[in-house]
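The values are calculated or read from the model by the stated rules, or taken from the named source; none is laboratory data. Here the structure is a predicted model, which means the values were calculated and not measured. A quick note on method: Cβ atoms are made from the backbone with ideal geometry, for glycine too, and the neighbour counts reach across all protein chains shown.
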Amino acid sequence: MTQFLQYLLSGLTNGSIYAVVAIGFSLIYSATGILNLAQGEFVMLGGMVACTLLTFVPLPLAVIGSVLVVAVIGGLLEWFFFRRLHGHSLLRLIIITIGLSILIQEAALHIWGEQARSLPYFTGNEISSISIGGAALSPQVLWVLATAAVVVTALHFFLHRSRLGAAMRACASNPAAAMLVGINTARMRTLSFVLSAAIGALAGCVVSPISMTQSDMGAGLAIKGFAAAILGGLGNSMAAVTGGIIVGIAEAFSVSMLPAAYKDAVAFTLLLIVLFVRPHGLWGRPPAQRA
């Protein structure tokens with residue numbers, strides 16, 4: 001039972017990291033219909049910028065400053081690379097985000113090098129684990145879970161209870177109709193990138209004490225976060241969190257039965273099975289049923 005709980009808590013730890021990355025995917029898709037495969041790089045930048053700021057300011061100010069800096073970067077990337085695109089296919093937009101991911105990764109490598117960095121634990125330290133049935137849980141995991149819960153709740157109310165959120169969803173559903181009723185679709189898309197980058201940066205800060213931060217971590221996180229978003233139901237932030245937890249737990253228990261090298265294969269096998277049965281994800285709805 002202790003070993004079972006340890007695998008479960010390990011899966012919860014990894015799944016919570018994937019979940020906060022998946023939230024950023026879902027936000028941009030909900031607002032623009034774009035699959036931003038550079039989302040993992042926002043997470044990486046959040047951790048790197050916070051580690052740099054920590055040498056000058058206390059930890060809370062370093063986290064806030066990192067979120068603001070990366071949010072501005074997200075807005076500038078949208079303004080430079082997407083603002084002037086009209087009528088381009090989804091495939092072309094995805095290729096652009098892949099190119100942005102490579103560009104950001106190379107820039108980070110040039111600025112910070114290959115050295116891994118990490119922020120200190122927000123509370124406690126690496127040896128002050130919480131014991132649950134003989135299994136150990138890092139206190140930082142609670143910060144990650146709390147962050148995901150707060151972000152999901154705030155996004156739900158923003159997208160479904162505010163006029164600005166409704167305008168963002170209208171732009172994703174039918175950009176032409178949104179423009180006809182006076183919605184500035186370009187600004188809504190910029191806002192979605194700013195919010196997504198801010199969420200990614202916040203995720204990078206809270207996971208940095210657990211997973212470390214280095215310039216090449218973004219691609220791996222983007223793949224797992226994208227899998228989690230698809231598994232739960234793309235466009236649904238709450239489902240993205242659930243998808244992340246499922247992916248993390250599946251990976252953790254696969255290690256107990258198969259070599260660690262097959263960990264990624266098990267997670268994506270689970271994803272493929274779900275997509276064959278429910279192409280719109282576990283909690284997603286077919287496009288015809290959306291309001």
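Hey, does the stretch 38-52 have a residue that's surrounded by fewer than 19 Cβ atoms within 10 Å (Cβ to Cβ) and of a type in the set (A, V, I, L, M)?
No, there is no match, as no residue in the stretch 38-52 is surrounded by fewer than 19 Cβ atoms within 10 Å (Cβ to Cβ) and of a type in the set (A, V, I, L, M).
On inspection, Leu45 does not qualify as in contact with a strand residue (DSSP E or B) (Cβ under 6 Å, 6 or more places away or on another chain) and hydrophobic (A, V, I, L, M, F, W, C).
Within the stretch 218-236, residues that are charged (D, E, K, R) reach partners that are buried (at least 24 other Cβ atoms within 10 Å of the Cβ) and in a helix (DSSP H, G or I) with beta carbons closer than 6 Å, at six or more positions or on different chains, in the pairs Lys224/Tyr18.
Restricting attention to the stretch 240-267 and to residues that are surrounded by 15 or more Cβ atoms within 10 Å (Cβ to Cβ) and of a type in the set (Gly, Ala, Ser), the residue that is farthest from Gln3 (Cα to Cα) turns out to be Ala240. The set of residues in the stretch 210-223 being assigned to a helix (DSSP H, G or I) and buried (at least 24 other Cβ atoms within 10 Å of the Cβ) consists of Gly218, Leu221, Ala222. Restricting the stretch 19-34 to residues that are aliphatic (A, V, I, L, M), farther than 17 Å from Ile246 by Cα and part of a helix (DSSP H, G or I) leaves a set whose member that is modelled with the lowest pLDDT is Ala31. Scanning the stretch 71-117 for residues that are crowded, with 18+ Cβ neighbours inside 10 Å and assigned to a loop (DSSP other than H, G, I, E, B) yields a single hit, Phe82. Within the stretch 124-153, residues that are among the aromatic types (Phe, Trp, Tyr) reach partners that are crowded, with 18+ Cβ neighbours inside 10 Å and in a helix (DSSP H, G or I) with beta carbons closer than 8 Å, at six or more positions or on different chains, in the pairs Trp143/Val206. Per the conditions (1) over 19 Å from Leu35 (Cα atoms); (2) free of Cβ contacts under 8 Å to residues at least 12 places away in the same chain; (3) outside any helix (DSSP H, G or I); (4) not hydroxyl-bearing (Ser, Thr, Tyr), the sole criterion not satisfied by Pro279 is (1). Leu270 meets all of the listed conditions (1) over 24 Å from Leu142 (Cβ atoms); (2) in contact with a Leu (Cβ under 8 Å, 6 or more places away or on another chain); (3) modelled with pLDDT of 80 or more but one, namely (3).
Consider the stretch 53-63 and keep the residues that are surrounded by fewer than 16 Cβ atoms within 10 Å (Cβ to Cβ) and of a type in the set (A, V, I, L, M). The one that is farthest from Ala201 (Cα to Cα) is Val57.
The helices (runs of 4 or more DSSP H) found entirely in the stretch 122-195 that carry 2 or more residues being touching a Phe, Trp or Tyr at 6+ places or on another chain (Cβ under 8 Å) and modelled with pLDDT of 80 or more are 139-161, 163-173. Residue pairs whose Cβ atoms lie under 6 Å apart, separated by 6 or more positions or on different chains, with the first residue in the stretch 18-36 and over 15 Å from Phe158 (Cα atoms) and crowded, with 24+ Cβ neighbours inside 10 Å and the second hydroxyl-bearing (Ser, Thr, Tyr) and at pLDDT 80 or above, are Thr32/Ser192; Asn36/Thr97.
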